[in-house]
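Here, each number is a calculation from the coordinates, and none is a lab measurement. The model shown is predicted, which means the values in this text are computed figures rather than measured ones. Methodologically, a virtual Cβ is constructed for each residue, glycine included, from the backbone with ideal geometry; neighbour enumeration extends over all protein chains shown.
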Amino acid sequence: LNVYYSYSSILNYLTAIAAATLPNNMTATLETLGTSYEGRVVRMIKLSKAGSAANKRKIFIDGGIHAREWVSPATVIYMIEMLAYNPNNNASINTLLNRYDVYLAPLINPDGYQYSGSSYRLWRKNRRNNPQGNCYGVDLNRNFPFQWDPIIGGSNSPCSDLFSGATPGSEPETANIVNYLMANGDLFDAYLTIHSYGQMWLYPWGYTSALPSDHSDLHNAALSGKNAIAAYQGMSYLVGSSTNELYAAAGGSDDFAKGGAGIKYSYTIELRDQGDYGFQLPATLIIPTAKEFFDGFVAFADTMYTHL
Ligand code: 0X9
Ligand code: ZN
C-alpha cells in the first residue's frame with residue numbers, strides 16, 4: 001500500500017489472503033458478488049473469527065464505486081489487512097471481531113478503475129457503451145433502485161458524469177450489490193461505502209433533505225468515528241446527512257442499503273483530502289488516510305454495537 005494497486009493486483013491480493021494462514025482463529029473467505037459490464041469479476045472477502053459467538057451480526061463495506069477515487073479500494077484493502085492480522089493484537093479490534101463478521105468488497109467498479117489507470121485518470125462511471133450517442137458510462141451511485149430519480153442530482157444524459165442509467169438498477173455493478181443485500185440485508189447492522197474526497201461521514205438520505213426517523217442513532221455512532229479519526233493526526237471529518245451537508249443526489253448505494261435493504265447504519269464515507277490533491281491523492285498518503293479511517297471504523301462499530 002505504498003503504491004496504488006491495479007485491478008489484477010487487487011484480485012491477486014484477495015486470492016492470496018483467502019489462502020493464507022491467519023492468526024487469532026481468523027478465517028478469510030473469498031466470495032464473488034458477480035461480474036462487471038466488461039466481464040471482470042467483483043470479489044468480496046468475508047472475515048470471521050472462529051470460536052466467537054454463533055450467528056454473529058455482520059458489517060458490509062465496499063469501495064471503488066467511483067473509478068477515480070483510488071484511495072477507496074486501497075483503504076478497504078488496508079482494513080482487510082488490519083482485521084485479518086490485527087498486527088498489534090489490539091483489544092478493540094478483537095472486540096469488534098468477537099461481535100461481527102466483516103464483509104469487504106474493495107472494488108465494485110473494476111472496468112472504470114482499469115480505465116482510470118490506463119486512459120483517463122479522472123474517469124468516474126462504469127464503462128457501459130450507452131446506446132444513445134457515443135458516450136460511455138453510468139454513474140453507479142445514481143443508479144441504485146431506491147427513490148431513483150435523474151432529476152435529483154443525477155442526469156438523463158448518457159454523456160454526463162452523473163448519468164443515472166436508463167432504468168433503476170440497470171447496471172451489473174449495481175445489481176451485484178443490490179442482489180447480495182436484498183438476499184442477506186437482514187443480517188447486516190451496517191453498510192459503509194467508501195469514496196473520496198472531502199472528509200465526511202454521511203448518512204441518509206441523499207434523495208431528500210428529510211432525515212430518517214433514527215437519524216440521531218446514525219449521527220451519534222458516526223461522531224464516535226469522527227472523534228477517533230481526529231485523535232490520530234487531527235484530521236477533521238464532517239458528520240451529517242448527505243443532502244444537508246453535501247448535495248441532494250438520488251440513487252446512491254447508501255440510500256438503497258437503508259431504504260431498500262433495511263440496513264440501519266448506512267453511510268457514505270468521503271476520505272481525504274479536502275481538495276489539495278482531490279482524487280489524485282499521493283500514494284504516500286494511503287496509509288495515514290486508511291489508518292485514521294480504520295481507527296474511526298473500530299470506534300464507530302463499538303458505539304453502534306453498544307446501542308443496538
Ligand atoms: O456524489 C456522490 O455520489 C458522492 N460524492 S463523490 O464525490 N464520491 O462522488 C456522495 C454520495 C452521497 N450519498 C447520496 N447522495 N446518496
Ligand atoms: Zn465517489
Which residue, R127, R272, R40, tops the fluctuation ranking in a GNM of the chain built on C-alpha contacts under 10 Å?
-> R40
Helix runs (DSSP H) in the chain reaching 27 Å along axis by Cα, Kyte-Doolittle at least 1.6 = none
Kindly provide log₁₀ I(q)/I(0) values, in the same order as q = 0.14 Å⁻¹, from the Debye equation applied to equal alpha-carbon scatterers of region 200-262.
-> -0.40
Would you tally the net charge around L1, using a Cβ to Cβ cut-off of less than 13 Å, leaving L1 out, and scoring K and R as +1, D and E as -1?
-> 0
Relative packing of 70-81, 165-176, which averages over residues the other C-beta atoms within 10 Å, highest first | 70-81, 165-176
Net charge near Y78, counting Lys/Arg +1 and Asp/Glu -1 over other residues with Cβ under 15 Å of its Cβ?
-> -3
When all Cα-Cα pair distances of region 7-306 are considered, the percent exceeding 26 Å is 39
Sort T243, T303, T29, T268 so the one with the fewest other Cβ atoms within 10 Å of its own Cβ comes first.
-> T29, T303, T243, T268
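Past the 26 Å Cα-Cα mark, which pairs from K58/K125; K125/K226; K125/K258?
K58/K125; K125/K226
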Where both residues lie in the chain, what percent of DSSP beta bridges are antiparallel, nearest 5?
-> 40
